[in-house]
Structures are given as structure tokens and as C-alpha cells.
């Protein structure tokens, strides 16, 4: 029986070899409705394996701005993603003016390219409880004042929908 979602070759989900993360796409299975073919847990696991996230904000003129960041500090399924950043950054100003946002994760293998784009809203959080939640020891390198540094804040992205790409095929999906 073919499992729903992305199918990885081999006994384990991750096949190690020349390409550390080889897999076949769920788009290789016969076309069915997206709920039968897509497994959000597989997409979530794919995102967790990535080291970089691209976040997108909208500037004052209405143009998208993309920035590479380290992977999210915390994830709550495919629903919420938490990033740390500087309160004084241009990106924070843009999200305060327009919370519409997207985040993108990808992996380029030897043969296949896989990407997941999520769209939703980005909140700028400055409450101490949230800052404490994602703080790490090494963060003092970026935020000299520590976890209470006024230039340290948290970006919380809440996904509404997404789009998956693999092998020149795309699928849209919603986040419950």
C-alpha cells in the first residue's frame, strides 16, 4: 500500500546516500483529492529538517521583501512558527504596517527540488513570556541586553494556507 503524502524510498523515511534527503513526491501517486494524497505531518517533518527559512513582508509601496533567516525557533504543527529578530529592524516595521506574510522552505537534492510556501499573518510579539519561550543562551551575541533587551522581539507567523512544489508539480492546501 502506498502511504499518503510524500513517499520516501527505502525502509526509513530518509534515505541516506549521495543526496542526504532523497525522496519521491506524492505527486507520483495517482491524482486524488488533496486530503487523501497530502499528509501535513510529512510536510511538517520536511520543514523541521531545513536549516533556513525565507520570510516575506510587504513594504510601504506594496512590494514583497524577502529575507533568509535561521529556521524557526519553535513550531506548533503547520499552524504557528516563531522567529527571533531585532525590534528595530525594517522587517518589524513592515509587519506592524501590514501583517500579511509568507514563509518558504526548500531542499535542493541532486535531482529533485522540493519547496513549501505558507501564507498567513505575522505578529510582532514583545511580551516577556514569549521572549523567554524561544530564548537561547547564545542569543546574547545578537541581543547584548539579554532576554530583556528592548531590541529583541519575536515574530509569530500564523499560517492559513500553503503550496507544495516538487518535480514541476504544485499542490495547494489549507491549514486547519
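Numbers for the structure displayed
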quantity	calculated
Within region 110-120, tally of residues that are out of contact with any helix residue (DSSP H, G or I) (no Cβ under 9 Å at 6 or more places or on another chain) and within 17 Å of residue 98 (Cα to Cα)	2
Residue list for region 128-143, filter: surrounded by fewer than 17 Cβ atoms within 10 Å (Cβ to Cβ), farther than 16 Å from residue 69 by Cβ and either in contact with a strand residue (DSSP E or B) (Cβ under 9 Å, 6 or more places away or on another chain) or modelled with pLDDT of 95 or more (or both)	128, 129, 130, 132, 133
Contacts under 6 angstrom Cβ, first residue in region 110-128 being more than 27 Å from residue 147 (Cα to Cα), partner part of a loop (DSSP other than H, G, I, E, B), 6 or more apart	110/19
Some residue of region 154-164 being surrounded by 13 or more Cβ atoms within 10 Å (Cβ to Cβ), over 18 Å from residue 78 (Cα atoms), in contact with a helix residue (DSSP H, G or I) (Cβ under 8 Å, 6 or more places away or on another chain) and in contact (Cβ under 8 Å) with a residue 12 or more places away in the chain	no
Residue 122 vs. criteria in a strand (DSSP E or B) and at pLDDT 95 or above	yes
Extreme residue, surrounded by the most Cβ atoms within 10 Å (Cβ to Cβ), among residues of region 39-56 that are assigned to a loop (DSSP other than H, G, I, E, B) and touching a residue at least 24 places away in the same chain (Cβ under 8 Å)	50
Residue within region 75-89 that is free of Cβ contacts under 8 Å to residues at least 24 places away in the same chain, within 20 Å of residue 149 (Cβ to Cβ) and under 16 Å from the mean Cα position of the chain (by Cα) present	no
The one condition in (1) in contact (Cβ under 8 Å) with a residue 40 or more places away in the chain; (2) over 17 Å from the mean Cα position of the chain (by Cα) that residue 137 fails to fulfil	(1)
Hey, residue 151 modelled with pLDDT of 95 or more, surrounded by fewer than 17 Cβ atoms within 10 Å (Cβ to Cβ) and more than 14 Å from residue 57 (Cβ to Cβ) or not	yes
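The values are calculated or read from the model by the stated rules, or taken from the named source; none is laboratory data. These numbers come from a predicted model, not from an experiment. Cβ atoms come from the backbone with ideal geometry, glycine included; neighbour counts cover every protein chain shown.
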